[in-house]
Amino acid sequence: MQGRVITAVWTAAALSVSLFLVALPARAGGPEPWSPGPERYGIAIQRDIAVKLSDGTELRADVHTPTDPETGRPAAGPFPVILGLTPYGKTLSAQLGTNGTGGLNPYLIKRGYIGVLVDVPGTGGSEGRFDLFAPEEARAGAEAVRWAAGLPNTTGEVGMIGLSYVAITQLFTAAEIGPGSPLKAIFPMAASVDPYRDLFTSGGALNVLSPLGLVFGYGATRVLTPFIEAHDDPVRALTLSFQHLMQAGPFELRFAADMLTNGSRRYYDEYWQARTAERILPKIVENGVAVYLVGGQFDVFQRGEPLLYSGLQNAAAGRPVTAPMSPDQPVSSRYQLLQGPWTHGDMGTGIDLDRIQLQWFDHWLKDLDTGITDTTTPLHVREPGGGAYDTRSYPVRGAEPVRLWLRPQGRLTEDAPTQGEDGEGLVFTGLSKPCSRSTDQFAAGLLSSLLAQAGLEGLCTGSQRKPVRAIDQVTYTTPPLDAPLRLAGPIGVSLNASSTRPDTLFALTLEDVAPDGTSVDITGGAQLGSMRALDTGRSWRGSNGGWIHPYHVLTKEAREDVPVGRAVRYDIQVRPAFATLPAGHRLRLRVATGDFPHLLPLGDLPALAGGLYTVHHGAAQPSSIDLSVLGGP
């Protein structure tokens with residue numbers, strides 16, 4: 001591999017700034033630096049307390065308060081509050097969550113915080129209607145914050161914590177709460193900027209694996225958790241369980257029907273637009289709420305977590321939320337992102353998240369100089385393999401767009417085609433090997449967890465020997481790298497391809513190929529051909545007319561059949577990568593026609609079945625990939 005990619009200078013000294021700087025004590029105003037200190041309190045729990053909302057709905061909350069460890073009596077306060085809003089049942093969330101993932105962290109309570117867990121409307125012990133990040137849920141969250149701020153023995157200041165749904169509710173609550181509120185800081189782990197694009201589809205291709213998990217995660221827990229939350233009142237438990245079950249019609253069953261028949265919610269319709277977090281990021285900034293994000297390279301929300309960071313920084317700088325950050329724009333340490341090599345289920349593994357959370361909340365809720373905001377590089381990256389650096393912007397400052405070209409005989413080169421070249425044929429199958437990084441990623445890390453417990457750690461996510469060619473997939477590989485190659489941010493692929501059917505499905509995987517021929521998946525993406533319409537105003541440009549971050553319209557109105565037999569350009573978004581390939585390794589792009597069981601075409605299958613594709617390479621119809629490559633500090 002020649003040119004810039006080979007000669008990119010990987011200056012180890014400059015780029016080895018440790019991720020852990022964000023967690024180290026800084027010089028405080030007094031003689032002693034901040035430290036987390038030992039546990040000072042026990043915990044007492046008040047269960048299933050009624051929280052009456054202004055519309056008459058009654059939520060239920062558990063309150064975990066610090067106690068004197070010797071007497072068991074309430075500790076002298078007052079204390080700030082850390083709040084979690086959960087759809088999984090507050091008792092279950094408290095038991096299963098670690099590092100605050102469920103919305104409660106005993107580590108914080110034992111160091112001087114009151115922990116509050118509230119069932120969101122229509123779940124657990126709470127009344128109301130459950131409807132995935134609905135405006136009513138945000139209003140309920142804001143009222144819960146104000147209620148928590150008024151609890152006995154509190155300072156009146158509130159923070160929020162939690163992972164996944166419990167993270168996303170923080171964003172909507174922080175936007176709804178208004179300026180000058182008790183809510184000062186939040187700590188969302190694994191949050192989505194756009195659930196439709198991050199989770200339910202990939203380039204318009206339906207993700208069925210994760211929604212199936214949501215059916216069990218939301219539907220089953222809604223029906224069962226009332227018997228835990230209201231176990232001392234069987235009549236109330238049965239009533240709540242029945243009420244929660246009745247919501248399966250407008251929620252789970254409606255989703256299932258639309259996915260099977262290509263109904264409204266299968267597209268980016270008004271329902272999804274109202275649930276896109278990027279639209280409310282300016283309100284979070286306006287309301288003065290500080291945000292510490294944690295995201296994962298292999299998380300289901302991998303695409304969106306860096307966009308939350310750039311959106312908040314842009315809003316704070318008065319720039320368009322959806323634009324790429326300018327490398328030299330002002331950045332604020334009020335908005336930080338820790339991005340690491342984690343799945344949804346092991347977020348923060350290897351990092352002391354407890355300490356970081358305590359630093360964050362001690363600064364914003366106790367006015368202590370913990371050093372966590374003493375940074376001009378609030379984007380903290382930890383790569384698979386241990387590489388780490390801090391930076392300012394997303395796209396990463398110093399990362400240049402580098403274009404490689406897909407060429408015949410499976411080559412991936414810096415040299416563009418100058419004449420006609422033979423294309424590669426593919427057969428649509430919609431299938432792939434299910435033992436894969438993609439399956440594990442969109443099953444929230446469950447696959448790798450189960451395999452590890454069976455003594456088969458890394459079976460599906462570690463090094464594998466994969467075919468370089470099959471009837472439904474083709475690969476393009478660089479020569480061995482002369483120097484390490486650091487991928488740092490968004491990736492876009494432009495495929496020129498023709499089809500014998502009025503729709504196409506392309507599933508892409510970017511791989512790190514070792515000298516022995518085995519490979520590890522770095523990241524991936526997909527595109528349904530009929531949903532290829534690009535919003536050029538929202539897309540980020542790469543090099544020479546390419547797109548480093550293509551953004552698709554994905555509405556029903558924008559859907560258009562693929563013209564049979566004609567070459568069509570597909571601009572495909574690949575989820576961002578933060579990873580370094582060692583010298584001697586090769587970079588490989590795999591183009592396939594399925595990603596099973598992550599992507600299942602369902603209502604799109606009739607237009608896909610029997611498709612024969614040709615991927616073109618020649619100068620008139622080139623195919624290429626645009627990478628973000630970091631070659632220096």
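Remarks
- Search result, residues across segment 36-75 that are exposed (fewer than 13 other Cβ atoms within 10 Å of the Cβ), more than 28 Å from G124 (Cα to Cα) and either without any contact (Cβ under 8 Å) to a residue 40 or more places away in the chain or not assigned by TED's automatic domain parsing to the domain that holds L96 (or both): P38, E70, T71, G72, R73
- Of the residues L581, L554, the single one that is buried (at least 20 other Cβ atoms within 10 Å of the Cβ) and closer than 25 Å to L487 by Cα is L581.
- Picking from residues in segment 599-632 that are of a type in the set (G, A, S) and crowded, with 21+ Cβ neighbours inside 10 Å, the one that is nearest to the chain's Cα centre (by Cα) is S628.
- Selection from segment 392-401 of residues that are in a loop (DSSP other than H, G, I, E, B) and either under 20 Å from T98 (Cα atoms) or among the small types (G, A, S) (or both): S393, G398
- Within segment 557-577, the only residue that satisfies the criterion of being β-branched (V, I, T) and loosely packed, with under 14 Cβ neighbours inside 10 Å is V564.
- Odd one out for A220 among (1) more than 30 Å from S181 (Cα to Cα); (2) touching a residue at least 12 places away in the same chain (Cβ under 8 Å); (3) not acidic (D, E): (2)
- Some residue of segment 353-376 being closer than 30 Å to S539 by Cβ and either of a type in the set (G, A, S) or buried (at least 24 other Cβ atoms within 10 Å of the Cβ) (or both): no
The rows are residues; the columns are (1) among the aromatic types (F, W, Y); (2) part of a strand (DSSP E or B).
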site	(1), (2)
L337	no, yes
W342	yes, yes
T349	no, no
I356	no, no
L368	no, no
G371	no, no
T377	no, no
V381	no, yes
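- Number of the condition not met by P121 [criteria: (1) touching a residue at least 60 places away in the same chain (Cβ under 8 Å); (2) farther than 18 Å from V51 by Cβ]: (2)
- For the criterion of being touching a strand residue (DSSP E or B) at 6+ places or on another chain (Cβ under 8 Å), in contact (Cβ under 8 Å) with a residue 24 or more places away in the chain and of a type in the set (D, E, K, R), R303 passes.
- Residues located in segment 514-530, provided they are surrounded by fewer than 23 Cβ atoms within 10 Å (Cβ to Cβ) and either farther than 27 Å from G462 by Cβ or among the aliphatic types (A, V, I, L, M) (or both): A514, V520, S530
- Y389 being in a loop (DSSP other than H, G, I, E, B), in contact (Cβ under 8 Å) with a residue 40 or more places away in the chain and closer than 30 Å to C460 by Cβ: no
- Count of residues meeting criterion [under 20 Å from Q243 (Cβ atoms) and part of a loop (DSSP other than H, G, I, E, B)] in segment 94-132: 13
- Applying the criterion of being of a type outside the set (S, T, Y) and in a strand (DSSP E or B) to the residues of segment 598-616, the residue that is nearest to L495 (Cα to Cα) is V615.
- Of the residues making up segment 563-603, those that are among the aliphatic types (A, V, I, L, M) and closer than 23 Å to G387 by Cα are V574, A577, A579, L581, A583, L587, L589.
- Note on segment 166-202: among residues that are among the polar types (S, T, N, Q) and under 20 Å from H363 (Cα atoms), the one that is nearest to the chain's Cα centre (by Cα) is Q170.
- Residue within segment 450-458 that is crowded, with 21+ Cβ neighbours inside 10 Å and more than 30 Å from G288 (Cβ to Cβ) present: no
- Qualifying residue in segment 511-533 (condition: part of a loop (DSSP other than H, G, I, E, B), under 25 Å from the mean Cα position of the chain (by Cα), charged (D, E, K, R) and in the same structural domain as F442 (by TED's automatic domain parsing)): yes
- A142 being outside the structural domain of S530 (by TED's automatic domain parsing), in a loop (DSSP other than H, G, I, E, B) and in contact with a helix residue (DSSP H, G or I) (Cβ under 6 Å, 6 or more places away or on another chain): no
- Test: S543 is surrounded by fewer than 23 Cβ atoms within 10 Å (Cβ to Cβ) and either closer than 30 Å to S264 by Cβ or free of Cβ contacts under 8 Å to residues at least 12 places away in the same chain (or both): no
- Of all residues making up segment 546-584, the number that are in a loop (DSSP other than H, G, I, E, B) and within 28 Å of the chain's Cα centre (by Cα): 11
Quick grid of which residues meet (1) surrounded by 22 or more Cβ atoms within 10 Å (Cβ to Cβ); (2) within 24 Å of the chain's Cα centre (by Cα); (3) not polar (S, T, N, Q):
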residue: Y394; (1), (2), (3): yes, yes, yes
residue: A399; (1), (2), (3): yes, yes, yes
residue: P408; (1), (2), (3): no, no, yes
residue: Q419; (1), (2), (3): no, no, no
residue: G425; (1), (2), (3): no, no, yes
residue: L431; (1), (2), (3): no, no, yes
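- Against the test of being in contact with a strand residue (DSSP E or B) (Cβ under 8 Å, 6 or more places away or on another chain), over 22 Å from Q302 (Cα atoms) and assigned to a strand (DSSP E or B), the options S498, S494 yield a single qualifying residue, S498.
- Considering only residues in segment 221-236 that are assigned to a helix (DSSP H, G or I) and over 34 Å from the mean Cα position of the chain (by Cα), the one that is nearest to P121 (Cα to Cα) turns out to be R236.
- Inspection of segment 297-313 identifies at least one residue that is among the small types (G, A, S), part of a loop (DSSP other than H, G, I, E, B) and within 10 Å of the chain's Cα centre (by Cα).
The values are calculated or read from the model by the stated rules, or taken from the named source; none is laboratory data. The model shown is predicted, which means the values in this text are computed figures rather than measured ones. So basically every Cβ, Gly included, is an ideal-geometry build from the backbone, and we count neighbours across all protein chains shown.
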